[in-house]
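**Student:** First the structure, which I've put down as structure tokens, then a few questions once you've had a look.
The values are calculated or read from the model by the stated rules, or taken from the named source; none is laboratory data. Since this is a predicted model, take the numbers as computed values, not measurements. Backbone-built Cβ (ideal geometry, glycine too); neighbour counts: all protein chains shown. Surface areas here come from the heavy atoms of the whole protein model, side chains and all, with no ligands, DNA or RNA. Shrake-Rupley method; radii C 1.70, N 1.55, O 1.52, S 1.80 Å.
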Amino acid sequence: MIVFVAGTVLAGPRLARALGFSLDLPWSSAVGGDCPPTPISVVVAPELLSAVQSIVRPLQGAALGDGTCLTAAVTAEAPADTVRKAQLLPAERAPQLWIPDSSLWTRQVDQWPLRPETSFASSPLVITTSAAVVRQLGWAAHPPTWAGALSGVRPVAMPDLQNNASGVLAVLGLWQTLGKTAAADQAVAAAVLASTRSTAPTPKRVIDAAVQNDAETPLLVTSEINVFTTNRKQSSSQMVAVYPQDGSPSLDYPVLRVAPRLQGSSRSIATDTVVGALEGAPAREIVRRSGFRDSSGTGAGGAGVRANAVTALSIPDPSAITAFLERLQSLVRPSHMTVVIDVSLSMKSLIGGKITRAQLAGGAAVGAGNLLSDNSSVGLWIFSRNLTPGGSFYRQLDALAPLSAEEGDVTHRDSVNDHLKSLGNYLGGDGTALYATSLAAMKYATEQYDAASVNSVVLFTDGVNDDPGGISLQDLTTKLTLLTDPQKPIRFVAVGIGPDADLKVLQQIVAPSHGFAYVTTAPDELKTILFDALARRQQ
């Protein structure tokens, strides 16, 4: 699962405790005193705690005009934890005010009637690294674009997308600046998946290296406030914020009221009092002094960050964000994929006069495979007809195994990629057993089914079935239909390369599995086709 997809609503104290949720909530407090108290609770993102406490402290005990006095309890809680509790608890047990780091969280909360009041502060997303790296790359004078920074110039650490709004805003920013196209989807997926590899740097490693001004420091996508507070804790730090030239999305720290049932009640008046203080001029000064930006976009500067305004990237509308995250979710879910490539002699033919069909298929498969996470599993077959001396029509080069698995001195990913890059060494046979191979591959995928992954067969071919005495297309589709199990879905994706590929036949082959068929004669199209196939493989 990827971030910002609402979970199932559960209820009941026993179940809540079983799931690890304390029912002694931070916002449940009792107070006493000469003036009857009207207690309210304010739950804030952890980085806001000190600032909000400073603003609310002078209000403690303030008369509310109805014979009661305000008592406000301000507590810190990670927004993801508050969201999880909101799925369990009714509005009556919610805080009166919630200030998460981003409005993105609100779409996950349907138990509480949230009403936005104002934006308490903001903090743009930045790329952080050491001052030494910024000098090496010339970024002080010429800041990079999001795409340039995340394209592999240096290793990149991304925040946890499931529990961190900064990570989602960063990939949204990259997607927006690249035009919200299929190519943008692909670039985002590549950046996210690269950051999840076992060899990718962790945020802590980047921060530690940046503070020490290590010239090999990787990059970290984070918030400006994180850079500010990290540097402020150090006696000497060389961690700096880099502001991409195409603008930055921001954490907006919305002040959200959990709408009361009774307007004008003591608790409602108390909540109004706190909201008023959070909007006042003294609050804006505390916001800037704490390293955040105020409603005008102005910050205090210093501690590795700048004070002047930052070019803002607006957040897309909710439907666009939902569609984007669903595509990304599909890509990052582990795959269990059998790749089957035609190595009949016709695959020697050139496409565009520069590259053979085999080279095109192999190179495109390598590129698509780089979009798969380390915990995905891939197997690789080649096929033609009479491929081996014994008359076999296919050969397995790599069995289905996790891409991160060690195989001697290399990983399984390395082995698969090496075979894909050397497909020209395997060309041969005297025909193309397309139908028999399709059936064999689906049988294999059925036997190897993995319920925790998206299961698929991806087949490349440049022609039609050329297998005298083999099974017919009707027999194939009948047998594929019998193999289909709705409870164990396996998507068949067929990619035809060159003018001899028959799209109508490929569509019939993939139809029993509700799969997808494509045909292309243009090298530039194949990368886009494979990305589309990966993104749609679990639809």
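**Student:** Answer yes or no as to whether T411 is over 27 Å from L482 (Cα atoms) and among the β-branched types (V, I, T).
**Tutor:** Considered against the rule, which asks whether it is over 27 Å from L482 (Cα atoms) and among the β-branched types (V, I, T), T411 comes out as yes.
**Student:** When you check R107 against the structure, is it farther than 27 Å from A323 by Cα, open to solvent by 20 Å² or more (accessible area, probe 1.4 Å) and in contact (Cβ under 8 Å) with a residue 40 or more places away in the chain, yes or no?
**Tutor:** no
**Student:** So, of the residues in region 166-186 that are under 12 Å from V221 (Cβ atoms) and touching a residue at least 60 places away in the same chain (Cβ under 8 Å), which turns out to be surrounded by the fewest Cβ atoms within 10 Å (Cβ to Cβ)?
**Tutor:** If we take residues in region 166-186 being under 12 Å from V221 (Cβ atoms) and touching a residue at least 60 places away in the same chain (Cβ under 8 Å), then G167 is surrounded by the fewest Cβ atoms within 10 Å (Cβ to Cβ).
**Student:** Could I ask something else about it? Against the definition (open to solvent by less than 50 Å² (accessible area, probe 1.4 Å) and in contact with a Gly (Cβ under 8 Å, 6 or more places away or on another chain)), how does P144 come out, yes or no?
**Tutor:** no
**Student:** Scanning for something open to solvent by 50 Å² or more (accessible area, probe 1.4 Å), at negative phi and at pLDDT 90 or above, does region 74-89 turn up at least one residue?
**Tutor:** Within region 74-89, one or more residues are open to solvent by 50 Å² or more (accessible area, probe 1.4 Å), at negative phi and at pLDDT 90 or above.
**Student:** Of the residues E92, E47, only one is at pLDDT 95 or above and charged (D, E, K, R); which?
**Tutor:** The conditions single out E47.
**Student:** Could you list, in sequence order, the residues of region 49-73 that are open to solvent by less than 50 Å² (accessible area, probe 1.4 Å), more than 15 Å from P95 (Cα to Cα) and hydroxyl-bearing (S, T, Y)?
**Tutor:** S54, T68
**Student:** Check whether at least one residue in region 202-215 is under 30 Å from P116 (Cβ atoms), open to solvent by 10 Å² or more (accessible area, probe 1.4 Å) and outside any strand (DSSP E or B), and report yes or no.
**Tutor:** Among the residues of region 202-215, at least one is under 30 Å from P116 (Cβ atoms), open to solvent by 10 Å² or more (accessible area, probe 1.4 Å) and outside any strand (DSSP E or B), which makes the answer yes.
**Student:** Moving to a separate point now. Any residue that is open to solvent by 50 Å² or more (accessible area, probe 1.4 Å), assigned to a helix (DSSP H, G or I) and modelled with pLDDT of 85 or more - is there at least one of those in region 236-254?
**Tutor:** No: region 236-254 contains no residue that is open to solvent by 50 Å² or more (accessible area, probe 1.4 Å), assigned to a helix (DSSP H, G or I) and modelled with pLDDT of 85 or more.
**Student:** Further question: Have a look at G463, G496, G470 and point out the one that is under 27 Å from G353 (Cα atoms), open to solvent by less than 70 Å² (accessible area, probe 1.4 Å) and not in a strand (DSSP E or B).
**Tutor:** G463
**Student:** Answer with yes or no whether L482 is among the hydrophobic types (A, V, I, L, M, F, W, C), open to solvent by 70 Å² or more (accessible area, probe 1.4 Å) and more than 34 Å from the chain's Cα centre (by Cα).
**Tutor:** Against the criterion (among the hydrophobic types (A, V, I, L, M, F, W, C), open to solvent by 70 Å² or more (accessible area, probe 1.4 Å) and more than 34 Å from the chain's Cα centre (by Cα)), L482 qualifies.
**Student:** Using the structure shown, decide if L506 is more than 20 Å from Y394 (Cα to Cα) and among the aliphatic types (A, V, I, L, M).
**Tutor:** no
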